[in-house]
Amino acid sequence: MTYHIANGKVVSPEGCELNVAHHCNLGCASCSHLSPVFRRSFIDPDTAARDLHLLARSFAAKFVKVLGGEPLLHPRLVPILHQVRASGLAPHITVCTNGILLPRMREDFYAAVDEIEISVYPDRELDDEKMARVRAYADEHGVLLNISHYSHFRYSYAEHGTDDAALVRRIFATCQIAHVWRCHTLYEGHFFKCPQSVFLPQVLDGAKPLWTDGLRVTDEPDFPERLLAYLQDTEPLAACRNCMGSVGRRMPHQQRTRRDFRDLQKHSTEELTDHRFLTLLEERPDADDGCAVESADAWQE
């Protein structure tokens, strides 16, 4: 299904993402949101409310994903979730988390969400007692738990990037983040095709200005048409020169410190590209990236 305009709004077959915390309580290697290098930073609830309500005038999504960084770190997360609901941007609210802080969340949090996506990493999973408590709260409030176990990551970006325009086009064209999962991101009054185009310019030296790859959200009558044209544009983004899209080389999960997170990425795009997977995605855009396993028991295998 592709994008279209109905009742004056661009209708998306997928969702929209709202990052409420830039930092995280983990330091996962090659985090696609670059959370390990961001200092403590939270979105202002009033800013979130303004942006959500403004975008909802011109955009309709199946769901809103609230994430980070680690969203459960936000001290005013529940009021933000209420603003997501009140905006009418989407009928379904999903919170994406590593799950570590879930046992601390109160009932008002579970009452405000429809789904919780938990990404579990080796040696970072909740024990059985805490997980049972989470399941009980979710069951009580009718919240769907979607648990994925990750044994690997793919490099998300290359510090040195590339000047090979043809390679950049291939990476953009096969990017599952932008074109399959459609992780479109609402950030400080702007709409972005992907989170990498938000976070890479804030970290990389010599990157284009932050707003280069985004579209400012307005209430002008022609905004839905401009938004549709933006989403259908096949030209790579400025951030694609450094972004690996979906085709970074695969590596085992590991935790990194703020100090050494970027050292891991100090390569060119050519060095970090999984050329076999790139070719596969050109044939099968929704091919599995090989990072998740069925359960924690499968990690060792």
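The values are calculated or read from the model by the stated rules, or taken from the named source; none is laboratory data. Computed from a prediction, not measured in an experiment: that's the story for all the values here. As a convention, Cβ positions derive from the backbone with ideal geometry for all residues, glycine included, and neighbour counts pool all protein chains shown. Just the protein is used for accessible areas: all its heavy atoms, side chains included, with ligands, DNA and RNA removed. Shrake-Rupley method; radii C 1.70, N 1.55, O 1.52, S 1.80 Å.
Full-extension gain between HIS82 and VAL203, please, as 0.36 nm times their residue separation minus the C-alpha to C-alpha distance. So the extension gain works out to 40.5 nm. Remark: spin-label model distance HIS92-ALA165 equals 4.0 nm, labels positioned 7 Å along the Cα→Cβ axis. At a probe radius of 1.4 angstrom, the accessible area of the chain per residue rounds to 47 square angstrom. If you take every DSSP beta bridge fully contained in the chain, what fraction is antiparallel? Give it as a percent rounded to 5. The antiparallel fraction comes to roughly 40 percent.
For the stretch 1-129, the antiparallel share of DSSP beta bridges with both residues in that region comes to about 20%. For a straight C-alpha distance cut-off of 15 angstrom, the aspartates and glutamates reachable from LYS9 (same-chain residues fewer than eight places away being disregarded) are ASP219, GLU220, ASP222, GLU225. The length gained on full extension between LEU145 and ALA287, counted as 0.36 nm times the residue separation minus their Cα-Cα distance, comes to 48.7 nm.
Distance from the C-alpha centroid of the stretch 71-125 to that of the stretch 26-61: 13 Å, rounded to the whole angstrom.
Near GLU188: Cβ cut-off under 14 Å, other residues only, Lys/Arg at +1 and Asp/Glu at -1. The net charge is -3. In this structure, the amide hydrogen of ASN25, modeled 1.01 Å from its nitrogen in the peptide plane, lies closer than 5 angstrom to those of GLU70, counting only residues at least 5 positions away or on a different chain. Note on the chain: with charges restricted to the Cβ of Lys and Arg (+1) and Asp and Glu (-1), its dipole about the Cα centre is near 620 debye. Between the stretch 163-200 and the stretch 204-260, how far is it from one alpha carbon centroid to the other, in angstrom? Here the answer is 4 Å between Cα centres. In percent, rounded to a whole number, the relative contact order of the chain is 23, using alpha-carbon pairs under 8 Å and six or more apart.
Other residues whose C-beta falls under 14 angstrom from the C-beta of PRO79 contribute a net charge of +1, scoring Lys and Arg +1 and Asp and Glu -1. Accessible surface of the stretch 10-140, 1.4 Å probe: 46 percent of it comes from carbon and sulfur atoms. Just the protein heavy atoms count here, and of the accessible area of the stretch 172-263 at 1.4 Å, carbon and sulfur take up 49 percent.
Sorted from longest to shortest, the spans of the Cα atoms of the stretch 83-129 along the three principal axes equal 38, 20, 13 Å. Across the stretch 26-156, C-alpha contacts under 8 Å between residues 6 or more apart give a mean separation that, scaled by the residue count, equals a relative contact order of 23 percent. Based on C-alpha pairs under 8 angstrom that are at least 6 apart in sequence, the stretch 74-218 has a relative contact order of 15 percent. At an R0 of 30 angstrom, the distance between the Cβ atoms of ARG226 and HIS53 translates into a FRET efficiency of 0.95. Each label point was placed 7 Å from the Cα along the Cα-to-Cβ direction; for THR2 and THR234 their separation is 1.0 nm. In terms of packing, defined here as the mean over residues of other Cβ atoms within 10 angstrom, the peptides 263-272, 181-190, 128-137 line up highest first as 181-190, 263-272, 128-137. Computed over the chain, the convex hull of the alpha-carbon atoms projects to a mean area of 15.3 nm². What is the distance, in nm, between label points placed 7 Å from the Cα along the Cα-to-Cβ direction at ARG216 and at GLN255? Here the modelled spin labels are 4.3 nm apart.
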